[in-house]
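So the structure is just underneath, and the comments pick up after that.
Just so you know, all these numbers are worked out from the coordinates, no wet-lab data involved. Treat the numbers as computed from the prediction; the structure is a model and nothing was measured. As a convention, Cβ positions derive from the backbone with ideal geometry for all residues, glycine included, and neighbour counts pool all protein chains shown.
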Amino acid sequence: MTSNDPRLIDLPRSEPEIIPPKSGDTRGVIWTSVDERGAHRIYVARLGPFSVALLLLAIAAIAVVVGILLIGTFLIWIPVFVLLIAGATISAWWRRTFWL
């Protein structure tokens, strides 16, 4: 059979089978996908209070680092603008004083 064979179009495609958690099951949701290579299970655990706090702490740390980098990017331009203004002022003064 080639990839253009019309018989291949009618073959069933594998779809994940979602198994709802049993009542009282604290492990989380189990997703099962069956295909030609066999069954694969994905365990999705529920986050506890410590995990949520740790996740929020990590997000806050990333936000602080990004904020510091953004502030640092803008602060580096202050001395550059001061030097440009000082250079323009000295250049204008130099032309007026010595080119007359």
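The Rg/Rh ratio for the stretch 49-98 is 1.54, where Rg is the radius of gyration of the alpha carbons and Rh is the Kirkwood radius.
One decimal place: the segment Ala53-Phe81 gains 5.8 nm when fully extended, by the rule 0.36 nm per residue minus the C-alpha distance. Modelled spin-label separation between Ala92 and Ala45, with each label point placed 7 Å from Cα along the Cα-to-Cβ direction: 6.6 nm.
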